[in-house]
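Notes follow once the structure below has been shown.
The values are calculated or read from the model by the stated rules, or taken from the named source; none is laboratory data. For clarity, every value in this text was computed on a predicted model and none was experimentally measured. No Cβ is skipped: glycine too gets one built from the backbone with ideal geometry, and neighbour counts run over all protein chains shown.
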Amino acid sequence: MPVLPVISRSSSRSVRLGVVAGGLAALVSIGACGAGSEVGTSDTKVACDITQPTSKTTVNVLAYNSAATDPFTNVLTSNCASDMLTINHPATDLTGQKQRAVQSLSGSTASYDLIEQFGTVYPLYADRGWTIPLDDFMKKDSAKFKLDGIDPKLLAAHEYKGKQYGLPTYWSVNHLVYRKDIFDKLGLKPPTTFEEMRSVAKKIQEAGEIKYPLAIPMAPANDIQGLFGQAIRSLGGDYFEKDKPVPALNTPEGVEAVTELKSLLPYMSPQTLSFSSPEVTTQLQTGQAAMGMLVTGRLSPLVDKTKSPNADKFAFATPPAVKAGGKPLSFLSVDGFAVAKNSKVDPGLLFQLAAVATSEAAAKAVLPNALPARLSVIDESAIPFAASAKEILATDPKPLNQVPYMADVYSVLGAPIGDAISGKKEPQAALDEAQATAVKAIANAGYAK
């Protein structure tokens, strides 16, 4: 696909960061919703019903380029610019977005006015006072922009301390992906627990179908800490003690979580602890795996016949719980737009642009690469994984902990948890290390008790 056209580029600037030590590094290491890296374009025509400025105004939008994010930004650059309003969307990748967001939001003057954000970063932005509450603007313009069409659960994913700090664009949950043809041939059903998943994988191995039938992103750089969090929640634990900035990692639930994750390794590629979503996608596309777990934003390539030889053979289901009776292995991840507090642009105009970007027309433009926050536009008959996504959403998966130190803690967990799952260290010793490292990260971020 062609690269998103850039109207103009904002000049980069050096800013003394107003964040605590380690904050930028934490943000750089954390992935967003997982929509993929392909850049898409859209010629979607939308009535841009905003109050145009009466003097020359430039709005700079910070949003990483992907097939999931571009349609929302394209709506603005294609439809809202005028003689008085220039809208810039400089090209950037996800890592660049995280770096630029912190630099811009923490400075005295914004380089970017409208910021794309997601669950691991927005609590920090809100807590630092870098973004503004949108509640008053929403009350005023809700009917005009049909904001009641945004799913309330997804809208709540961008709340912080009872106030709304973002308008959601699209969302993602974790899915179980499996080869229906192989499952049907062997009389198998989608597993609902880890025990069942091991049993299914073993039967596929023993039947001689696929040597390593299971594929899950487990790279310590970004994936293993999220997988651990899903597993510990499935067992009734969490990253932190309830309502306290105190990690809860080296607990019996934590030890059981890493032990159960480690039990899956015999059914996975020997390189699995270096695999992120792209490698898992390739395993499934090429028939090297018959079952896996991927987030919604990574599923489109699997069912694209131009990219996947097995496109018509995949089925999707709610991911298993670690143990019977537990929660399925999934988080809810929601991307959206926030308004920078240090922007010199009228915040009412920026809110209106965010509302246009999250409109019904923009929501339709993102399909099928991602699922928009306006659930009513999703045609389940046309998107193979849409029904599964809605079923998983109905199980009430929670976002990552909506606390401002989540990013700092998340960034330091990969190595010790990876050591526990790989067998390099005993689970308890590795989790004791993770606990101590997380305590230090919270203290360094200024949020310790």
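List of remarks:
- Of all positions in the range 115-136, none carries a residue that is touching a residue at least 40 places away in the same chain (Cβ under 8 Å) and more than 21 Å from Val403 (Cα to Cα).
- Unmet requirement for Asp335, which otherwise passes all of (1) among the charged types (D, E, K, R); (2) within 23 Å of the chain's Cα centre (by Cα); (3) surrounded by fewer than 22 Cβ atoms within 10 Å (Cβ to Cβ): (3)
- Of the residues making up the range 279-301, none is charged (D, E, K, R) and without any contact (Cβ under 8 Å) to a residue 60 or more places away in the chain.
- Residue pairs whose Cβ atoms lie under 9 Å apart, sitting 6 or more positions apart in sequence or on different chains, and linking a residue in the range 312-325 that is free of Cβ contacts under 8 Å to residues at least 12 places away in the same chain to a partner that is among the hydrophobic types (A, V, I, L, M, F, W, C), are Asp312/Val303.
- Sole exception among (1) closer than 17 Å to Lys45 by Cβ; (2) β-branched (Val, Ile, Thr); (3) crowded, with 23+ Cβ neighbours inside 10 Å for Thr120, by number: (1)
- Residue match in the range 122-129 (condition: more than 22 Å from the chain's Cα centre (by Cα), modelled with pLDDT of 95 or more and hydrophobic (A, V, I, L, M, F, W, C)): no
- With respect to (1) farther than 22 Å from Ala219 by Cα; (2) without any contact (Cβ under 8 Å) to a residue 40 or more places away in the chain; (3) not hydroxyl-bearing (Ser, Thr, Tyr), the lone exception for Pro416 is condition (1).
- Filter result for Asp238 (at pLDDT below 95 and either not small (Gly, Ala, Ser) or not in a helix (DSSP H, G or I) (or both)): no
- Test: Asp151 is of a type outside the set (A, V, I, L, M, F, W, C), surrounded by 14 or more Cβ atoms within 10 Å (Cβ to Cβ) and in the same structural domain as Ala340 (by TED's automatic domain parsing): yes
- Restricting attention to the range 64-95, the residues being more than 19 Å from Pro53 (Cα to Cα), out of contact with any Asp or Glu (no Cβ under 8 Å at 6 or more places or on another chain) and of a type in the set (Gly, Ala, Ser) number 1.
- Condition check for Arg198: among the charged types (D, E, K, R), closer than 26 Å to Ala324 by Cβ, within 23 Å of the chain's Cα centre (by Cα) and modelled with pLDDT of 95 or more: no
- The range 280-302: number of residues that are under 20 Å from the mean Cα position of the chain (by Cα) and either part of a strand (DSSP E or B) or among the aliphatic types (A, V, I, L, M) (or both): 7
- Considering the range 358-413, the qualifying helices (runs of 4 or more DSSP H), each wholly inside and each with 2 or more residues that are at pLDDT below 95, run over 360-366, 406-412.
- Residues that are surrounded by fewer than 24 Cβ atoms within 10 Å (Cβ to Cβ), of a type outside the set (Gly, Ala, Ser) and outside any strand (DSSP E or B) were ranked within the range 155-180; the one that is nearest to the chain's Cα centre (by Cα) is Leu155.
- Residue that is nearest to the chain's Cα centre (by Cα) [pool: residues in the range 203-229 that are surrounded by fewer than 22 Cβ atoms within 10 Å (Cβ to Cβ) and of a type in the set (S, T, N, Q)]: Asn222
- Matching residues, the range 369-394, being loosely packed, with under 14 Cβ neighbours inside 10 Å and not aliphatic (A, V, I, L, M): Ser376, Asp379, Glu380, Ser381
- Test: residue in the range 272-294 that is under 19 Å from Lys425 (Cα atoms) and out of contact with any Ser or Thr (no Cβ under 8 Å at 6 or more places or on another chain): yes
- Any helices (runs of 4 or more DSSP H) falling wholly within the range 84-142 and containing at least 1 residues that are acidic (Asp, Glu): 122-127, 135-141
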